Amino acid sequence: MRQASSENARQTQKSPASSEPSMPDELIRILALCVALAGFETLHGIARAALLVPRIGKQRALKVAIVTGSLLAFAVCWWLVPAIGYRDALPLFGVGLTIALFMASFDIVLARRLLHRPWRRILEDFDPRSGNYLSLGLLLMVTFPYLSVRLRGWCGPGSL
């Protein structure tokens, strides 16, 4: 009898081969996406400062970097978001909001702790009127998980 009840319990549990990820798997994959984006965007910022700024100046480099950085972030989302397993618009925009908030927090912590920038300078980085387009990039980032799934044609019935 005991063996039959444990067999039933095993059958009602989600199979590891199931196509739907479990909640911890989703969280780990979202965290991996955030860390990958932070790493790639940090390297992108270093390359911009070392290669573009000396050649074309800071203001033009910032304009180029919003395009290249956005393309890079979209490519990372294209690569990693499908593994999260979401197909509907609301969860995908939730992932986008999560990564945008993570990246904004990452930029602030990096600027304060590593670069020792004052708050005034950090806030300028988010202000497009000062020639910085970080806030535009963050807004675009909210849409990238949805777009990366939608453009593949994988969106479910609850999609836009």
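Residue by residue, the stretch 28-35 carries 3J(HN,Hα) couplings of 5, 5, 5, 4, 4, 4, 4, 5 Hz when phi is fed to the Karplus relation 6.51 cos²θ - 1.76 cosθ + 1.60 (θ = phi - 60°); x denotes Gly or Pro.
Rounded if a/c is under 1.5, else prolate if a/b is larger than b/c, else oblate: which is the stretch 47-107, with a ≥ b ≥ c the root eigenvalues of its Cα gyration tensor?
prolate
For Trp154, the amide hydrogen comes within under 5 Å of no other amide hydrogen, counting only partners 5 or more places away or on other chains and with H modelled in the peptide plane. Per the Debye formula on identical point scatterers at the alpha carbon atoms of the stretch 27-150, with no solvent, log10 I(q)/I(0) at q = 0.23 Å⁻¹ is -1.38. At an R0 of 25 angstrom, the distance between the Cβ atoms of Trp78 and Ser130 translates into a FRET efficiency of 0.25.
The phi-based Karplus calculation (6.51 cos²θ - 1.76 cosθ + 1.60; θ = phi - 60°) puts the 3J(HN,Hα) values of the stretch 105-122 at 5, 4, 4, 5, 5, 4, 5, 6, 7, 8, 9, 6, 7, x, 4, 4, 5, 5 Hz, whole numbers, x for Gly and Pro. Of the chymotrypsin sites (Phe, Trp or Tyr not before Pro) found in the stretch 60-160, none is in coil by DSSP with at most 10 other Cβ atoms within 10 Å of its Cβ.
Applying 1/(1 + (r/R0)^6) with R0 = 35 Å to the Cβ-Cβ distance of Met23 and Ala47, what FRET efficiency is obtained, to the nearest 0.05? After rounding to 0.05, the efficiency reads 0.45. The length gained on full extension between Ile122 and Val35, counted as 0.36 nm times the residue separation minus their Cα-Cα distance, comes to 29.2 nm.
All of the numbers you see were taken from the coordinates with simple rules; none came from a lab. Here the structure is a predicted model, which is why all the values come from computation and not from measurement. FYI the Cβ positions are ideal-geometry reconstructions off the backbone, even for glycines, and counts take in every protein chain you see.
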